[in-house]
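Here, each number is a calculation from the coordinates, and none is a lab measurement. From a predicted model like this one, the values you see are computed outputs, not experimental measurements. Counting neighbours? That spans all protein chains shown, and the Cβs are built from the backbone with ideal geometry, glycine included.
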Amino acid sequence: MIALCEDKRLFCDQSYRHCQDIYKLLKREVEREIRKAQNGTRVKLEKEPQVPVILDKQRNEISNLKIELERWKEYFSDKLNPPVAAVPEILSRFPKPDQELRPPPPLKS
């Protein structure tokens with residue numbers, strides 16, 4: 001359930017950023033047309049913003065939204081859950097799988 005919520009949040013964040021990029025492009029185009037109409041001259045084209053490109057682990061561009069979201073999930077999973085080296089001193093503190101656990105101490109009332 002948590003992973004589904006994270007996927008939805010990532011999708012919404014990504015969609016919101018994409019809409020912002022489109023809005024900026026359209027706004028610049030409208031402003032350019034207004035200046036053209038006011039000046040009666042051609043306006044030098046501005047450099048348009050680059051839309052970020054998502055790459056897979058082999059550095060190939062991803063164009064499918066579903067695959068892109070899976071890549072984001074994989075990326076954050078790797079970042080948030082790094083591999084942990086097993087240290088024998090720490091592992092010895094935990095009970096072995098075949099041992100029975102002692103019951104917890106009673107709560108004081």
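The label-point distance for Ala37 and Cys19, in a model that sets each label 7 Å from Cα toward Cβ, rounds to 2.6 nm.
With a simple spin-label model that places each label point 7 Å from the Cα along the Cα-to-Cβ direction, the separation between Arg28 and Ser77 comes to 3.7 nm. Model label points for Gln50 and Glu100, set 7 angstrom from Cα along the Cα-to-Cβ axis, are 6.5 nm apart.
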